[in-house]
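Report on the structure given below.
The values are calculated or read from the model by the stated rules, or taken from the named source; none is laboratory data. All of these numbers come straight from a predicted model, not from anything done at the bench. Neighbour counts are summed over all protein chains in view; Cβ atoms, including those assigned to glycine, are modelled from backbone coordinates with ideal geometry. We work out accessible area using only protein heavy atoms, side chains counted, and drop any ligands, DNA or RNA first. Shrake-Rupley method; radii C 1.70, N 1.55, O 1.52, S 1.80 Å.
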Amino acid sequence: MSTNNLSPQEAVDLDKEAGTGSRPLSGIYLQLATLLAIAISVYAIYANALSNTQEFYRNTTFLSGILILGFILFPVSPRYATSKFNRWDYLFIILTLVSYGYFYASYLDLHVVRKSIPNTTDYVMAVIGIGVLFEAARRTTGYFIPGLATFAIIYALFGQYFMGIFGHGGFSFERLLYRLFMTSEGIFGITLSTASTAIVVFILFGAFLSVSGATALFNDLALAIAGRRRGGPAQVAVISSALTGSLSGSAVANVATTGTFTIPLMKSIGLSARFAGAVEATASTGGMIMPPIMGAAAFIMAGFLGISYTTIVMAAIIPALLYYAALIIAIDLEAKKQGLKGISKENIPKVKAVLKARGLLLLPLIIVIGTLLLGKTPIYAGFLGIISIIVASWITPDTSVRMTPKKIATALNEAARGSIQVTVACAAIGVIICVVTMTGIGSTLAFNIVAMTNNTLWMILLVVMLVCIVLSMGLPSTALYIVVAVTVSPILIKAGVMPLAAHFFVFWFGALSNITPPVALASYTAASIARADPMQTSWDAVRLALPGFIIPFILVYNPMLLMQGDDLNALSVIHMVISALVGIYALSIASANFWMMKTHWLERVLFTVAAILLIKPGLLTDLGGAALIITAASVHLLRFRRSTAQGALNGQ
């Protein structure tokens, strides 16, 4: 994570908040970490592209390397965040090698020779392996994930002591250990398999693209396209964060990467520090729902739903564009309210010049998206993208972007480091998934919540929204999606919501936890760069993103926006998009308390009610929403004309 504009202490504090360690390695330890990171990335390429490695061996090798790298880079606690190791670091590295190495060597013996009958050594090694994983999760993601996984184990073991709907017969310790660590149902399940294949490949793709200079290209393009508009730098932040976030998928990393450029630019035209930080935080959070990567959640979602990755990407396009349209509208209204201008023409690069110098770096993105649309696998598309980056960098007129061996090594190093959090989180959450499957608690909760709300969909959606925001606070993108998908999405599916819409709904609100107080990591990161109050920045971000909070509700009631439904056709999709945009615009006006001038409280109420009516499709709701908007707009325009005329008279 870049922290270019942060003081040393703020950088340390930010790392602790985001769950990232900041051990300042040097000497032999830095060399060891770099070599191991490069080796992990090279192995990922080998296992996914050049060999037919069996799933268990690939997962075990990849996870072992990631765990060891995590123990090297992430200290046991902040007070040990020094370049020196302590005995705990060495102990956990040794335990990782022993436990995971044991199962790598004895896998065939356990499942073929002994016919899946574990012995005492197997159980002891499983306990060590789970303990090592939980410690790595604590260091890299904070206490929430290992705490939740530990509670899941307790719940599985002592279910008979839980009351009411939460009670179950309980499982023996041996049976639980076997399911968690010796099968493909727990730690080595679908989430880790996805992390060791598609996710790591696209992290590699993003790292290669970043090292080649594509991030700077995105910033220059955004500046060239939107810089002269009203509140131009804020629009630049939106475009730049959307492009960067679509690759990184991490709201916090996106803020730290693009915010160091966009936030000072926004402040330079008169935007307040807190509003500049809020714009960047909100724009960067949208990167998590922007295809093609979506914080790697798209790959996990495809596995959970049993549908193609391409289907997920196609479904995400319209919602993501609606989110960014809402943000641009909100920023434009704020700029109009403050009377802000754009950047002067001489300070803006020309689109043609930018594309001529480095425009070929956009080709890998086009190639990846095109390959996916042709029906190829994400792994194939990702590797093709990596190759195309190298080729494009060498034929680009700007020689500074060429991928030299040193740059390739840097990309491999950054990719492995960037894979630590997501891989450890995916493995640890495998415990939760396994327990939910064994106990059936997901189906039980879904049935009871639906029954308690009398199957009233809007009430269920509100409850699920709040639960998703709370459960996702402080979690990295992939982890937050898995948590809410496993624990909350069954509630919506039980209520009759289309599975894809249900998963988008819970992931969307999980992503918005990055800007929602009290744990709003993206807002806090942006506030640190902007030198603004973190809580005020968070509330400004929520206000900016308020129209984005209604988009998941629109998706539930309008699955056509996800390219789903039996009656899917072009006219219906266009109608739904227009209806959604009108509702978003109305809510943006109400949220900003400004259109042509400051709105009256009654106008705000009418705009808000109209936006709510337009959430649900139907002739009556659409007509009602349109009537309210026309009424509010007419009243507002009449007041504006009177005010303008009165001002002209006073001027005379």
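For segment 261-283: of the residues being hydroxyl-bearing (Ser, Thr, Tyr) and out of contact with any helix residue (DSSP H, G or I) (no Cβ under 6 Å at 6 or more places or on another chain), which is most open to solvent (accessible area, probe 1.4 Å)?
Restricting attention to segment 261-283, the residues satisfying the condition of being hydroxyl-bearing (Ser, Thr, Tyr) are 262, 268, 272, 282.
Next, only the ones that are out of contact with any helix residue (DSSP H, G or I) (no Cβ under 6 Å at 6 or more places or on another chain) stay: 268, 272.
On the way: 268: 85, 272: 51 Å².
Checked segment 261-283; the qualifying residue most open to solvent (accessible area, probe 1.4 Å) is 268.
Just need a number here: residues in segment 594-618 that are without any contact (Cβ under 8 Å) to a residue 40 or more places away in the chain, open to solvent by 20 Å² or more (accessible area, probe 1.4 Å) and closer than 19 Å to residue 545 by Cβ.
2
Provide a single number: the residues in segment 284-312 that are of a type in the set (A, V, I, L, M) and open to solvent by 20 Å² or more (accessible area, probe 1.4 Å). Walk me through how you get there before you give the answer.
The initial filter retains those residues of segment 284-312 that are of a type in the set (A, V, I, L, M), namely 288-290, 293-294, 296-298, 300-302, 305, 307, 312.
Those still in the list that are open to solvent by 20 Å² or more (accessible area, probe 1.4 Å) too: 290, 305, 307.
The number of residues fulfilling the criteria is 3.
So how many residues does segment 384-403 have that are open to solvent by 50 Å² or more (accessible area, probe 1.4 Å) and either without any contact (Cβ under 8 Å) to a residue 60 or more places away in the chain or part of a loop (DSSP other than H, G, I, E, B) (or both)?
Looking only at that region, the number is 8.
Of these, 226, 222, which one is modelled with pLDDT of 75 or more and either small (Gly, Ala, Ser) or within 23 Å of residue 515 (Cα to Cα) (or both)? Reasoning before the result, please.
Values: 226 fails: modelled with pLDDT of 75 or more.
Just a single option satisfies the conditions, and that option is 222.
If you check every pair at least six apart or on different chains, which have Cβ atoms under 7 Å apart with a residue in segment 258-270 that is at positive phi first and a residue that is outside any loop (DSSP other than H, G, I, E, B) and surrounded by fewer than 18 Cβ atoms within 10 Å (Cβ to Cβ) second?
270/338
Could you run through segment 556-566 and say how many residues are under 21 Å from residue 323 (Cβ atoms) and open to solvent by 50 Å² or more (accessible area, probe 1.4 Å)?
So in segment 556-566, the residues under 21 Å from residue 323 (Cβ atoms) come out as 556-565.
If we keep only those that are open to solvent by 50 Å² or more (accessible area, probe 1.4 Å) as well, we get 557, 563.
Result for segment 556-566: 2.
Tell me yes or no: at least one residue of segment 327-334 is part of a helix (DSSP H, G or I), over 23 Å from residue 505 (Cα atoms) and without any contact (Cβ under 8 Å) to a residue 24 or more places away in the chain. If you could, list the steps in order and put the result at the bottom.
Let us first name the residues in segment 327-334 that are part of a helix (DSSP H, G or I), namely 327-334.
From what is left, the residues that are over 23 Å from residue 505 (Cα atoms) are 331-334.
Narrowing the set further to residues that are without any contact (Cβ under 8 Å) to a residue 24 or more places away in the chain leaves none.
No, segment 327-334 contains no residue that is part of a helix (DSSP H, G or I), over 23 Å from residue 505 (Cα atoms) and without any contact (Cβ under 8 Å) to a residue 24 or more places away in the chain.
Quick check on this structure: which one of 99, 64, 116 is in a loop (DSSP other than H, G, I, E, B) and of a type in the set (Gly, Ala, Ser)?
On the way: 99 fails: in a loop (DSSP other than H, G, I, E, B); 64 fails: in a loop (DSSP other than H, G, I, E, B).
Sole residue among the options that is in a loop (DSSP other than H, G, I, E, B) and of a type in the set (Gly, Ala, Ser): 116.
Residues checked against (1) buried (at least 23 other Cβ atoms within 10 Å of the Cβ); (2) of a type outside the set (A, V, I, L, M); (3) under 24 Å from the mean Cα position of the chain (by Cα); (4) not in a helix (DSSP H, G or I):
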residue: 155; (1), (2), (3), (4): no, yes, no, no
residue: 160; (1), (2), (3), (4): no, yes, no, no
residue: 170; (1), (2), (3), (4): no, yes, no, yes
residue: 195; (1), (2), (3), (4): yes, no, yes, no
residue: 202; (1), (2), (3), (4): yes, yes, yes, no
residue: 229; (1), (2), (3), (4): no, yes, no, yes
residue: 244; (1), (2), (3), (4): yes, yes, yes, no
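Of all residues in segment 1-45 being of a type in the set (Gly, Ala, Ser), modelled with pLDDT of 50 or more and assigned to a helix (DSSP H, G or I), which is farthest from the chain's Cα centre (by Cα)?
Selected residue: 27.
Mind checking which residues of segment 518-539 are in contact with a Ser or Thr (Cβ under 9 Å, 6 or more places away or on another chain), at pLDDT 85 or above and either assigned to a loop (DSSP other than H, G, I, E, B) or closer than 25 Å to residue 559 by Cβ (or both)?
532
Let me spell it out: the conditions are (1) assigned to a helix (DSSP H, G or I); (2) modelled with pLDDT of 90 or more, and residue 478 meets all of them except one. Which number is the exception?
Failed condition: (2).
Return yes or no: is residue 443 open to solvent by 10 Å² or more (accessible area, probe 1.4 Å), more than 28 Å from residue 496 (Cα to Cα) and either in contact with a Phe, Trp or Tyr (Cβ under 9 Å, 6 or more places away or on another chain) or assigned to a helix (DSSP H, G or I) (or both)? Working first, answer last.
Working: open to solvent by 10 Å² or more (accessible area, probe 1.4 Å): yes; more than 28 Å from residue 496 (Cα to Cα): no; either in contact with a Phe, Trp or Tyr (Cβ under 9 Å, 6 or more places away or on another chain) or assigned to a helix (DSSP H, G or I) (or both): yes.
Against the criterion (open to solvent by 10 Å² or more (accessible area, probe 1.4 Å), more than 28 Å from residue 496 (Cα to Cα) and either in contact with a Phe, Trp or Tyr (Cβ under 9 Å, 6 or more places away or on another chain) or assigned to a helix (DSSP H, G or I) (or both)), residue 443 does not qualify.
May I ask you to verify whether residue 128 is at pLDDT 90 or above, within 26 Å of residue 476 (Cα to Cα) and in contact with a Ser or Thr (Cβ under 6 Å, 6 or more places away or on another chain)? Walk me through it before giving the result.
Values: at pLDDT 90 or above: yes; within 26 Å of residue 476 (Cα to Cα): yes; in contact with a Ser or Thr (Cβ under 6 Å, 6 or more places away or on another chain): yes.
In short, yes.
Could you list, in sequence order, the residues of segment 78-94 that are of a type in the set (Ser, Thr, Tyr) and assigned to a loop (DSSP other than H, G, I, E, B)?
From segment 78-94, those of a type in the set (Ser, Thr, Tyr) are 80, 82-83, 90; that's our starting set.
The answer is 82, 83.
Failed condition for residue 75, given (1) outside any helix (DSSP H, G or I); (2) over 26 Å from the mean Cα position of the chain (by Cα); (3) not small (Gly, Ala, Ser), with all others met?
(2)
Just checking, does segment 617-639 include any residue being closer than 28 Å to residue 310 by Cβ and within 32 Å of the chain's Cα centre (by Cα)?
Here is the first cut: in segment 617-639, the ones closer than 28 Å to residue 310 by Cβ are 617.
Still in the running and within 32 Å of the chain's Cα centre (by Cα): 617.
Yes.
Taking segment 140-168 as the region of interest, how many residues are out of contact with any Leu (no Cβ under 9 Å at 6 or more places or on another chain) and in contact (Cβ under 8 Å) with a residue 40 or more places away in the chain? Write out each step before concluding.
Restricting attention to segment 140-168, the residues satisfying the condition of being out of contact with any Leu (no Cβ under 9 Å at 6 or more places or on another chain) are 143, 147, 150-152, 154-155, 158-164, 167-168.
Narrowing the set further to residues that are in contact (Cβ under 8 Å) with a residue 40 or more places away in the chain leaves 152, 155, 159, 168.
Residues that pass the stated criteria total 4.
Output the residues belonging to segment 354-383 that are touching a residue at least 40 places away in the same chain (Cβ under 8 Å) and surrounded by fewer than 16 Cβ atoms within 10 Å (Cβ to Cβ).
Selection gives 356, 373, 375.
Only one of (1) open to solvent by 70 Å² or more (accessible area, probe 1.4 Å); (2) closer than 13 Å to residue 67 by Cβ fails for residue 92. Which number is that?
(1)
Within segment 599-640, track down each residue that is modelled with pLDDT of 90 or more and charged (D, E, K, R).
603, 604, 639 - these are the residues of segment 599-640 that are modelled with pLDDT of 90 or more and charged (D, E, K, R).
Let me spell it out: the conditions are (1) over 21 Å from residue 484 (Cα atoms); (2) at pLDDT 85 or above; (3) open to solvent by 40 Å² or more (accessible area, probe 1.4 Å), and residue 569 meets all of them except one. Which number is the exception?
Going through (1) over 21 Å from residue 484 (Cα atoms); (2) at pLDDT 85 or above; (3) open to solvent by 40 Å² or more (accessible area, probe 1.4 Å) one by one, residue 569 breaks only (2).
Does residue 416 satisfy the condition of being open to solvent by 30 Å² or more (accessible area, probe 1.4 Å) and modelled with pLDDT of 90 or more? Before you say what the answer is, go through the steps one by one.
On the way: open to solvent by 30 Å² or more (accessible area, probe 1.4 Å): no; modelled with pLDDT of 90 or more: yes.
Judged against the criteria, residue 416 is not a match.
Can you pull out the residues in segment 512-543 that are in contact with a Phe, Trp or Tyr (Cβ under 8 Å, 6 or more places away or on another chain) and open to solvent by less than 10 Å² (accessible area, probe 1.4 Å)?
512, 537, 538, listed by residue number.
Looking only at segment 95-119, which residues are loosely packed, with under 15 Cβ neighbours inside 10 Å, more than 16 Å from residue 57 (Cβ to Cβ) and at pLDDT below 95?
Selection gives 113, 114, 115, 116, 117, 119.
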